[in-house]
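A.B. asks: Let me begin by handing over the structure; questions about it come next.
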Amino acid sequence: MWNFLKPAPHKDLLPEGKIDSTYKSLRWQVFVGIFIGYAGYYIVRKNFSMAMPFLTDPAGPYGFDKGSLSVVLSLNAVAYALSKFLMGSVSDRSNARVFLPLGLVLAALSMMFMAVPIELFGASTTSIVIMAVLNFLVGWFNGMGWPPCGRVMTHWFSVKERGTKMSIWNCAHNVGGALVGPMAVYGAMWFGSWFYGVNSSKYFIIGTYIFPAAVALFVALLAYVLIRDTPQSCG
């Protein structure tokens, strides 16, 4: 395994008087970190489905075939299912503080690059193939979100606590999913003209791809700051 993904090494114990207070503080910190981080994954998960009506609009600037884009869309779900299974085993042997933000950064970058083939190649086979690969990668990297959260829960919370904590944490995907729609509208309204001037038919590219991906990159940084791998790695 790559060195930067290896679990964080254990540190020397803190002074006995600081252990209890530090442990309690860090537990809430890492919980907030995995909540925000996992919500961030849902900001860049199914954005392609929001873009499809604009991409297939015959009166719009692109006019993609719906059947071809449906294949592109389905690859996201296939990749996500495979990744949750395969990347879970990798996550179990990785540093959650690195693994979760890494997946989010890669998903965000893949989502951001979805705009490139649309602009360069239009409604062509080349564009569809590139979008298919990128949307597969978006799904694959999204599968890196859940496993490190489970690792954090196991290390930082007792069996008695996990039911309550997991039920609260499980709302993260609802929060992320609820934010992506308004975020797309906001991004298109406020930043679309920066890139496309008065050509409002292309504002959706900013709203569905670029702006949510930029927000996800910030969330990944925040998650990295907050999350700690294990209590032992903090002393």
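The values are calculated or read from the model by the stated rules, or taken from the named source; none is laboratory data. The structure displayed is predicted, hence computed values, not measured ones. Here the Cβ positions follow ideal geometry from the backbone for every residue, glycine too, while neighbour counts run over all protein chains shown.
A.B. asks: Filter the stretch 38-92 down to the residues that are in a helix (DSSP H, G or I), more than 15 Å from residue 111 (Cα to Cα) and of a type in the set (Gly, Ala, Ser) and list them by number.
C.D. replies: Matches in the stretch 38-92: 39, 67, 68, 70, 74, 81, 83, 88, 89, 91.
A.B. asks: Considering only residues that are in a loop (DSSP other than H, G, I, E, B) and more than 17 Å from residue 146 (Cβ to Cβ), look in the stretch 220-235 and name the one that is modelled with the highest pLDDT.
C.D. replies: 228
A.B. asks: Give the residue that is surrounded by the most Cβ atoms within 10 Å (Cβ to Cβ), with candidates limited to residues of the stretch 86-128 that are over 30 Å from residue 201 (Cα atoms) and β-branched (Val, Ile, Thr).
C.D. replies: 98
A.B. asks: When you check residue 32 against the structure, is it in contact with a Leu (Cβ under 7 Å, 6 or more places away or on another chain), under 20 Å from residue 179 (Cα atoms) and assigned to a helix (DSSP H, G or I), yes or no?
C.D. replies: yes
A.B. asks: Now a separate question. Working only within the stretch 106-138, note down all residues that are among the β-branched types (Val, Ile, Thr) and under 10 Å from residue 44 (Cβ atoms).
C.D. replies: Hit for the stretch 106-138 is 138, nothing else.
A.B. asks: Taking only the stretch 114-155 into account, find how many residues are aliphatic (A, V, I, L, M) and within 13 Å of residue 92 (Cα to Cα).
C.D. replies: At the first step, the residues of the stretch 114-155 found to be aliphatic (A, V, I, L, M) are 114-116, 118, 120, 123, 128-134, 137-138, 144, 152-153.
Narrowing further to those that are within 13 Å of residue 92 (Cα to Cα): 144, 152-153.
Residues in the stretch 114-155 being aliphatic (A, V, I, L, M) and within 13 Å of residue 92 (Cα to Cα): 3 in total.
A.B. asks: Take residue 7 and decide whether it is crowded, with 18+ Cβ neighbours inside 10 Å, touching a Phe, Trp or Tyr at 6+ places or on another chain (Cβ under 6 Å) and closer than 21 Å to residue 156 by Cα.
C.D. replies: no
A.B. asks: Do we have residue 181 as on the phi < 0 side of the Ramachandran plot, at pLDDT 90 or above, part of a helix (DSSP H, G or I) and touching a Ser or Thr at 6+ places or on another chain (Cβ under 9 Å) here?
C.D. replies: In short, no.
A.B. asks: Limited to the stretch 85-101, what total is found for residues that are in contact with a Phe, Trp or Tyr (Cβ under 6 Å, 6 or more places away or on another chain) and within 17 Å of residue 137 (Cβ to Cβ)?
C.D. replies: Qualifying residue count, the stretch 85-101: 1.
A.B. asks: Can you spot a residue in the stretch 218-232 that is buried (at least 22 other Cβ atoms within 10 Å of the Cβ), of a type outside the set (Gly, Ala, Ser) and over 22 Å from the mean Cα position of the chain (by Cα)?
C.D. replies: no
A.B. asks: Mind telling me which of the residues 43, 34 ends up being touching a Cys at 6+ places or on another chain (Cβ under 8 Å) and either closer than 16 Å to residue 214 by Cα or of a type outside the set (Phe, Trp, Tyr) (or both)?
C.D. replies: Numbers: 43 fails: touching a Cys at 6+ places or on another chain (Cβ under 8 Å).
Answer to the check: 34.
A.B. asks: Which of the residues belonging to the stretch 129-154 are surrounded by fewer than 18 Cβ atoms within 10 Å (Cβ to Cβ) and either in contact with an Asp or Glu (Cβ under 9 Å, 6 or more places away or on another chain) or at pLDDT below 95 (or both)?
C.D. replies: Scanning the stretch 129-154 gives 150, 154.
A.B. asks: What's the number of the condition residue 157 fails, among (1) under 25 Å from residue 195 (Cα atoms); (2) surrounded by fewer than 20 Cβ atoms within 10 Å (Cβ to Cβ)?
C.D. replies: Against the list (1) under 25 Å from residue 195 (Cα atoms); (2) surrounded by fewer than 20 Cβ atoms within 10 Å (Cβ to Cβ), residue 157 comes up short only on (1).
A.B. asks: Also, I was wondering about something else. Give the stretch 18-61 a look and list any residue that's of a type in the set (Phe, Trp, Tyr) and either surrounded by fewer than 18 Cβ atoms within 10 Å (Cβ to Cβ) or touching a strand residue (DSSP E or B) at 6+ places or on another chain (Cβ under 8 Å) (or both), or say none.
C.D. replies: 23, 28
A.B. asks: Let me ask another. Among the residues that make up the stretch 156-177, is at least one of them part of a helix (DSSP H, G or I), out of contact with any Pro (no Cβ under 8 Å at 6 or more places or on another chain) and closer than 21 Å to residue 134 by Cβ? Let's see the steps before the verdict.
C.D. replies: First, pick out the residues of the stretch 156-177 that are part of a helix (DSSP H, G or I): 156, 159-169, 172-177.
From the residues that got through so far, the ones that are out of contact with any Pro (no Cβ under 8 Å at 6 or more places or on another chain) too are 159-169, 172-177.
So of that shortlist, the ones also closer than 21 Å to residue 134 by Cβ come out as 176-177.
The answer is yes; a qualifying residue exists.
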